[in-house]
1. Could you look at segment 8-166 and say what percent of its accessible area is carbon and sulfur, using a 1.4 Å probe and all protein chains?
2. Would you work out which of S184, T208, A60 lies farthest towards the positive end of the dipole of the chain, given +1 charges on the beta-carbon of Lys and Arg and -1 on that of Asp and Glu, about the Cα centre?
3. Sequence gap at least 6, Cα distance under 8 Å: using those rules, report the relative contact order of segment 8-166 to the nearest whole percent.
4. In percent, how large is the relative contact order of the chain, given Cα pairs closer than 8 Å and 6 or more residues apart?
5. Give me Rg/Rg_expected for segment 133-221, where Rg uses Cα atoms only and Rg_expected = 2.2 N^0.38 Å with N residues.
6. Looking at segment 100-178, which GluC sites (Glu not before Pro) are in a loop (DSSP not H, G, I, E or B) and have at most 12 other Cβ atoms within 10 Å?
7. Could you do me a favour and compute the accessible area per residue for the chain, 1.4 Å probe, result in Å²?
8. Restricting to Cα pairs below 8 Å that are 6+ residues apart, what does the relative contact order work out to for segment 198-310? Please round to a whole percent.
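The values are calculated or read from the model by the stated rules, or taken from the named source; none is laboratory data. Predicted, not measured: the structure shown is a model, and the values here were computed from it. Virtual Cβ from ideal backbone geometry, glycine too; neighbours counted across all protein chains shown. Surface accessibility is based on the protein's heavy atoms, side chains included, excluding ligands, DNA and RNA. Shrake-Rupley method; radii C 1.70, N 1.55, O 1.52, S 1.80 Å.
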Amino acid sequence: MTHPAHLPWHESLWTQLEQSLSQERLAHAYLLQGPAGVGKSQFAQHLAKSLLCEQSAFDACGQCKSCHLFQVGSHPDLRQLASEAGKAIGIDVVRETSSFFSLTRQYGRYQIAIITDAERMTTAAANALLKTLEEPPAGALLMLISEQASLLPITVRSRCQSLRFTLPAPEVSLAWLQQQGVESQQAPRLLDSARGAPLHAITLSSETEYENQRSAVVEGARNLYFGRTGPVDLAASYLKLGAKQALYSLWQWKAEMVRNLAMNKASADDALAQRLGQRRLLLRIDGLSAAIKRLDSQLNEQLILEDILISWV
Ligand SMILES: [Zn+2]
């Protein structure tokens, strides 16, 4: 049976690790390799949490002190290291890892370091890491995560046990996407755009959802201008979409109109923008900013939405 905290296509890897653990043959270093969007990081996170858990033999209980520390991101026996966006991983990061492993363990049996985008290590960094890999301290567990493991020096790769992640079969991904609330008609197209990587498909689906919501908000505002709906009804429908999201979308839409007006750029809302004029548009943007602030302090969201929409008619 699939464990609820596991991604279904990871089950065989979990079984493999569970066996290693029960035979006390867990490696000191793992290389989690495979394409983006298949859950390598999630796997590393869940494995780290489970091994650090004070209660459970293999699966994190989510209740103990160790699990709580993990959840708030301050477990003393865990280090997560990554390169700054687009940059190489320098020797300083690796030195930080080895000095971390030299600290005394605070809780359980393990000290765990996770290095993301490991292929970005410089040669000097990789050489420094070799020392840790050759003489791992007791209880040390290093997880290297890489989308391009072939770029890692063979000396590093050969000292890590490989955990290979592959794209799940489409039917597995589609079933999972639907469990996550993606509509069955949308799922195949999203999975296709994500080149078969289910976690990318989920990101795309929330972006699509965001776009759809934004279009609905803008369409509502157009209807208000042209008298096809009233402010109270529109406020109610915005409330369903989320008041803050609606106000932000309106803010962006108005700002776009101001930009287009200033640059003489044609757009779908030309007539509207001309009619309102720049000065009034700017006033409305100010009004929206104030309303967004009011949302944080005032509970009646419907009223805030109504106020602003009434001022527009
Ligand atoms: Zn626990």
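1. On the way: 3570 of 7670 Å².
After summing per-atom areas, the C and S share lands at 47 percent.
2. Looking along the dipole axis, the top candidate is T208.
3. 34 percent
4. 16 percent
5. 1.63
6. Sites meeting the loop and neighbour criteria: none at all.
7. 53 Å²
8. The normalised contact order for segment 198-310 reaches 30 percent.
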